[in-house]
Amino acid sequence: MGKVVVSIVMGSDSDLPVMQAAADMLEEFGVGYELDVVSAHRTPEKLFEYSKNAHKRGIQVIIAGAGGAAHLPGMIASMSPLPVIGVPVKSSNSIDGWDSILSILQMPGGVPVATVALNGAKNAGILAAQIVGAGDEKTREEIIAYKLELNEQVMQKSKKVKR
C-alpha cells in the first residue's frame, strides 16, 4: 500500500464495524490510509488539532463517520481545507439513523461535506479513492478496473436472469 493519503476517523470505536468497509475499499485500490477515533464531543482538543493539521501530514481526503448528533464530519470540514466525506452511522442512540443523516447532510453554505448513505462507508472509500485518483494515475487505473468488474458482474447476472 502507498503512503497514507486518506484519513478515516470515527466518533467512537463502536463505529468501526461500519467504517471498516471504507478501509477495505482503500486497501483494494492500494490507497494508503490511517484509522483513528476522534470524538467531536468528548475530545474537542484532539478534533481541533486533527482538523487543522491533517493536510500538513500529507492527507488528501478525510472520511468521517459519526452516529447520533453526528457533528464530527461537519466540525472537521469547518476547520480543514481538505474534502470531507461524511458517513452517517446508525448508532444505538440513533433515531433510525435519520438524526445522523440529516446532521451530516444539512451543512450550511460554505462548509460542504460529501455525504454517503446510512452506514455507506464502502461508497465513502470508493469516493475517497476517486478523489485521490484524480491526481494519481495508478489509483485512477484501479478505479477503472473496479468499475469494469462491476459491469461484468451485472452482465453475468443479466445472462442468468434474462428470459
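The values are calculated or read from the model by the stated rules, or taken from the named source; none is laboratory data. Treat the numbers as computed from the prediction; the structure is a model and nothing was measured. Cβ atoms come from the backbone with ideal geometry, glycine included; neighbour counts cover every protein chain shown.
Would you confirm, using the coordinates I've provided, whether Gly74 is in contact with a Gly (Cβ under 8 Å, 6 or more places away or on another chain), crowded, with 22+ Cβ neighbours inside 10 Å and not in a helix (DSSP H, G or I)?
On the way: in contact with a Gly (Cβ under 8 Å, 6 or more places away or on another chain): yes; crowded, with 22+ Cβ neighbours inside 10 Å: yes; not in a helix (DSSP H, G or I): no.
Against the criterion (in contact with a Gly (Cβ under 8 Å, 6 or more places away or on another chain), crowded, with 22+ Cβ neighbours inside 10 Å and not in a helix (DSSP H, G or I)), Gly74 does not qualify.
When segment 1-45 is examined, which residues are found to be among the hydrophobic types (A, V, I, L, M, F, W, C), free of Cβ contacts under 8 Å to residues at least 60 places away in the same chain and farther than 17 Å from Lys122 by Cβ?
Once the filter is applied, which keeps residues that are among the hydrophobic types (A, V, I, L, M, F, W, C), free of Cβ contacts under 8 Å to residues at least 60 places away in the same chain and farther than 17 Å from Lys122 by Cβ, segment 1-45 yields Met1, Val4, Val37, Val38, Ala40.
Considering only residues that are among the aliphatic types (A, V, I, L, M) and free of Cβ contacts under 8 Å to residues at least 60 places away in the same chain, which ones fall in segment 128-157? I'd like the intermediate steps shown before the answer.
Start the filter on segment 128-157 by keeping residues that are among the aliphatic types (A, V, I, L, M), which leaves 128-129, 131-132, 134, 143-145, 148, 150, 154-155.
Listed by number, the residues that qualify are Ala134, Ile144, Ala145, Leu148, Leu150, Val154, Met155.
If we scan segment 148-159, do we find a residue that is loosely packed, with under 10 Cβ neighbours inside 10 Å and basic (Lys, Arg)?
Yes.
Buried (at least 18 other Cβ atoms within 10 Å of the Cβ), β-branched (Val, Ile, Thr) and farther than 16 Å from Gly32 by Cα: does that describe Val111? I'd like the intermediate steps shown before the answer.
Values: buried (at least 18 other Cβ atoms within 10 Å of the Cβ): no; β-branched (Val, Ile, Thr): yes; farther than 16 Å from Gly32 by Cα: yes.
Taking the combined requirement at face value, the residue does not satisfy it.
Which condition number in (1) in contact (Cβ under 8 Å) with a residue 60 or more places away in the chain; (2) more than 16 Å from Gly125 (Cβ to Cβ) is the one that Gly109 fails?
The number of the failed condition is (1).
Identify all residues within segment 1-37 that are small (Gly, Ala, Ser) and within 16 Å of Gln60 (Cα to Cα); write none if there are none.
Narrowing segment 1-37 to residues small (Gly, Ala, Ser): 2, 7, 11-12, 14, 21-23, 30, 32.
Answer for segment 1-37, where residues must be small (Gly, Ala, Ser) and within 16 Å of Gln60 (Cα to Cα): Gly2, Ser7, Ala22, Ala23, Gly30, Gly32.
Can you tell me which residue in segment 62-106 is modelled with the highest pLDDT, limited to those that are of a type in the set (S, T, N, Q) and out of contact with any Lys or Arg (no Cβ under 8 Å at 6 or more places or on another chain)?
Ser78
Restricting attention to segment 91-106, which residues are crowded, with 18+ Cβ neighbours inside 10 Å and free of Cβ contacts under 8 Å to residues at least 40 places away in the same chain?
We begin by selecting, within segment 91-106, every residue crowded, with 18+ Cβ neighbours inside 10 Å; these are 91, 94, 97, 99-101, 103-104.
Hits for segment 91-106 are Ser94, Gly97, Asp99, Ser100, Ile101, Ser103, Ile104.
What pairs come out if I take residues in segment 47-68 that are in contact (Cβ under 8 Å) with a residue 24 or more places away in the chain and closer than 18 Å to Val116 by Cβ and pair them with residues that are of a type in the set (Val, Ile, Thr) and in a helix (DSSP H, G or I) whose C-beta lies under 8 Å away, six or more apart or interchain?
That search, which allows pairs on different chains as well, returns Gln60/Ile131; Gln60/Val132; Val61/Ile131; Val61/Val132; Ile62/Ile76; Ala64/Ile76; Gly65/Val18; Ala66/Ile104.
Hey, could you check segment 130-160 for residues that are of a type in the set (Asp, Glu) and out of contact with any strand residue (DSSP E or B) (no Cβ under 9 Å at 6 or more places or on another chain) and say which is farthest from Ile63 (Cα to Cα)?
So the first thing to find is which residues in segment 130-160 are of a type in the set (Asp, Glu), and the list is 136-137, 141-142, 149, 152.
Next, from what is left, pick out any that are out of contact with any strand residue (DSSP E or B) (no Cβ under 9 Å at 6 or more places or on another chain): 137, 141-142, 149, 152.
Values: Glu137: 21, Glu141: 22, Glu142: 19, Glu149: 24, Glu152: 28 Å.
For segment 130-160, the residue satisfying everything is Glu152.
Counting only residues that are of a type in the set (Ser, Thr, Tyr) and surrounded by fewer than 24 Cβ atoms within 10 Å (Cβ to Cβ), which one in segment 37-71 is farthest from Ser14 (Cα to Cα)? Show your work before the answer.
Taking segment 37-71 first, the residues of a type in the set (Ser, Thr, Tyr) are 39, 43, 50-51.
Applying the additional criterion that residues be surrounded by fewer than 24 Cβ atoms within 10 Å (Cβ to Cβ) yields 39, 43, 50.
Numbers: Ser39: 12, Thr43: 16, Tyr50: 20 Å.
Checking each candidate, the answer is Tyr50.
Only one of Asp24, Asp15 is in a helix (DSSP H, G or I), charged (D, E, K, R) and crowded, with 17+ Cβ neighbours inside 10 Å. Can you tell me which? Even if it seems obvious, please write down each step before you answer.
Numbers: Asp24 fails: crowded, with 17+ Cβ neighbours inside 10 Å.
The unique qualifying residue is Asp15.
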